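Quick notes on the structure that follows.
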Amino acid sequence: MKTILLTTLIVFLFANVSGSAQIDGHSDQKDVSVAGKIDSLLKPFNNPVTPGGVLLVMRDGAVVFEKAFGMANLQHDIPFTLTTKSNIGSTSKQFTAFAIALLQQQGLLDLSDDIRKYIPELPDLGDTVTLAHLVSHTSGYREFYNTMIMTGMDISDQVQRLDAVELIQRQPALQNVPGEVWNYNNTGYILLTLVIEKVTGEPFDKWMKTNVFEPLGMQNTVIKMTPRQIIRESAQGYSKNEKENYEETTDLFASAGAGGIYTTVGDLTKWIGNYLNPELGDKTLIEKMTTPYVLNSGKKTNYGFGLTIDKQNGLDRFQHGGADVSHRSQFMVFPTVRGAVVCLSNNAAISQEIPSKVAELFFADVMEIKNDDAFNYDQVYEGFIPESFDEFSGRYALEIDPNFVMEFIREGNKYYTQATGQPKFEVFPGSDSTFFLKVVKAGVTFHKEKEGNVNSLTLHQNGKVKAKKLMDVTWNPSPEEIAMFSGRYYSEELETFFNITSNAENKLVLSNRRMGDIILRESKPDVFNGTMPVSMVNFIRDNEGRITGFKASNGRTTDVLFTKQL
């Protein structure tokens, strides 16, 4: 599995422009310290000109902290409150998975069923894809959004759920044998909503409301089924433009099932309560949801039914994060202490580390918190000389997955990393050889050899992973060799053209009419690395050595064929 840099006081009352905070406990210095640390974490997002969110903590089955911060709507000057509905993105997947498990319990379907039993218009691609494969992200189907953006489409473009069916109908083969590879996949969860509608005879949102939300008292939870659907008392999503000004964004289209749920922290406490003391479903169903899927090889994934099963500092946890166009969510449950941390936000730039840090504040007594001496994620090393970064610049492949490459570049006095299939993120010096990200708790240590060369690094993220520097000098194509790749290429599967040309720096440039230029950097003969939405290009030759096409990949979607036209 790929490492993702990716991205969950009755005594004291805190009031601000965006709501209130409440902590249950004793009035002592420790509580003041916890409240102060949380205020510090939320400070960048807690003012009347910044999109904000809401944070909630539970322990022993009860709410011990809740706080709203920042704004729900900047245009109308509406603050975020504890009752503001917010889009939880992919955190929605557990609800879809729960519905599938509930329907199996009722005898209306079986996880071993072929998906084509319910959606017969899906093609036979050689291997049976079951409902279990869809729930566990092991189906081998193309990932919907990663594939669609490869056409140049913007993720906020209008698409429909049935477009996922049409996407599979054009797919020439599965990306992997079902059950063999875990590859996070929104397509599967979109298809599961169609299965639910088929077996129940009701629209997905109405069945969920009647059979899941209402029985649990979740009166403020809504599934957004259409792009123009009005959801009252909800938070507008925001992201910053190139001028660092906030702009309104839409939600992802056709995301119902994979995302699309608007809810409140109050409703989520009821949902968490059903995990801790099942009233809807039973303990067997909850155990099914929180048990990791086992691949064909016998190896366990860390994913159950719409939930990631892991530990934080030694404390058992199941959790999921969500990211729509701008809305963000983190949902964490710590079953052994009957605790939880939930953070919902309408700010695309909110730190994804806030929930983890808050969890450490409230569950430190039952966690094994180990300080990583290499990093202090709150303090930037001011003595770093920008030009010194140049010896670290380059591309590094993970030893556990050589196809996952992290590139490090310097732009003036700022430093960035970009991993395969992911956006570019700024990194900050922690010392003369360590750098860390602020969007997620991750960092790297660069290693100097005796000769002074830097040829490896260690990635610090939920452990330590080694990476080796890729030496571009192994293939240095001439201008004549580069020119051979130029041409116009077409994908019948995506119904999309790409033009490939060479520039003055002897680099290939990939482009189409709907997106900007992508510089392709040579990796090894006939293989080039780009950036999203086309992060890798592998050219194909005929028996005479002539370029006939290429296969494009971007992480979740792999080997899409483009044939040379000119």
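Only residues that are open to solvent by 10 Å² or more (accessible area, probe 1.4 Å) and within 13 Å of A254 (Cβ to Cβ): list them for region 166-178, please. The one that is open to solvent by 10 Å² or more (accessible area, probe 1.4 Å) and within 13 Å of A254 (Cβ to Cβ): E166.
Taking region 261-368 and the helices (runs of 4 or more DSSP H) fully enclosed by it, the elements with 2 or more residues that are basic (K, R) and either over 30 Å from E247 (Cα atoms) or under 16 Å from the mean Cα position of the chain (by Cα) (or both) are at 283-289. Looking at region 313-325, I want the residues that are among the charged types (D, E, K, R) and have a partner that is surrounded by fewer than 20 Cβ atoms within 10 Å (Cβ to Cβ) and assigned to a strand (DSSP E or B) with Cβ atoms under 7 Å, at least 6 apart or on another chain. Which pairs are those? Pairs that qualify, where the first residue is among the charged types (D, E, K, R) and the partner is surrounded by fewer than 20 Cβ atoms within 10 Å (Cβ to Cβ) and assigned to a strand (DSSP E or B), are R317/D310; R317/K311. Selection of strands (runs of 3 or more DSSP E) fully inside region 483-554 by the criterion of at least 2 residues being over 26 Å from the mean Cα position of the chain (by Cα), over 19 Å from R142 (Cβ atoms) and charged (D, E, K, R) returns 515-524. Taken together, the residues in region 135-163 that are modelled with pLDDT of 90 or more and within 19 Å of the chain's Cα centre (by Cα) amount to 16.
Looking across region 72-93, just one residue is touching a helix residue (DSSP H, G or I) at 6+ places or on another chain (Cβ under 7 Å) and either modelled with pLDDT under 95 or buried (at least 22 other Cβ atoms within 10 Å of the Cβ) (or both), and that is K93.
Quick one: would you say F528 is out of contact with any Gly (no Cβ under 7 Å at 6 or more places or on another chain), open to solvent by less than 70 Å² (accessible area, probe 1.4 Å) and within 23 Å of R170 (Cα to Cα)? Spelling it out, it is not the case that F528 is out of contact with any Gly (no Cβ under 7 Å at 6 or more places or on another chain), open to solvent by less than 70 Å² (accessible area, probe 1.4 Å) and within 23 Å of R170 (Cα to Cα). Only residues that are in a strand (DSSP E or B) and under 16 Å from V405 (Cβ atoms) were counted across region 455-469, and they come to 10. I'm trying to understand the selection: among the residues of region 544-566, which are open to solvent by 20 Å² or more (accessible area, probe 1.4 Å), among the small types (G, A, S) and more than 11 Å from P533 (Cα to Cα)? Across region 544-566, the qualifying residue is only G545. Restricting attention to region 130-151 and to residues that are part of a helix (DSSP H, G or I) and among the hydroxyl-bearing types (S, T, Y), the residue that is surrounded by the most Cβ atoms within 10 Å (Cβ to Cβ) turns out to be T147.
Is there a residue in region 73-84 that is touching a Pro at 6+ places or on another chain (Cβ under 9 Å), aliphatic (A, V, I, L, M) and not in a strand (DSSP E or B)? Please lay out each step first, then the result.
From region 73-84, those touching a Pro at 6+ places or on another chain (Cβ under 9 Å) are 73-74, 77, 79-80; that's our starting set.
Okay, now just the ones that are also aliphatic (A, V, I, L, M), so 74.
Now drop any that are not not in a strand (DSSP E or B), which leaves 74.
Scanning region 73-84 turns up at least one residue that is touching a Pro at 6+ places or on another chain (Cβ under 9 Å), aliphatic (A, V, I, L, M) and not in a strand (DSSP E or B).
Evaluating I286 against the criteria (1) under 28 Å from L191 (Cβ atoms); (2) touching a Pro at 6+ places or on another chain (Cβ under 6 Å); (3) open to solvent by less than 10 Å² (accessible area, probe 1.4 Å) leaves one unmet condition, (3). Summed over region 408-427, the residues that are in a strand (DSSP E or B) and more than 22 Å from the chain's Cα centre (by Cα) give a count of 5. For T96, the conditions (1) under 22 Å from the mean Cα position of the chain (by Cα); (2) of a type outside the set (A, V, I, L, M, F, W, C); (3) modelled with pLDDT under 95 all hold with the exception of (3). Just one of the listed residues (D110, D163, D154, D127) is outside any loop (DSSP other than H, G, I, E, B) and surrounded by fewer than 20 Cβ atoms within 10 Å (Cβ to Cβ), namely D163. Residue count for region 217-244 under the criterion of being surrounded by 15 or more Cβ atoms within 10 Å (Cβ to Cβ) and not in a loop (DSSP other than H, G, I, E, B): the result is 6.
The values are calculated or read from the model by the stated rules, or taken from the named source; none is laboratory data. Model, not experiment: these values are computed from the prediction. Glycine gets a Cβ as well: all are built from the backbone with ideal geometry, and neighbour counts include every protein chain shown. Please note that ligands, DNA and RNA were not included when accessible areas were found on the heavy atoms of the full protein model with its side chains. Shrake-Rupley method; radii C 1.70, N 1.55, O 1.52, S 1.80 Å.
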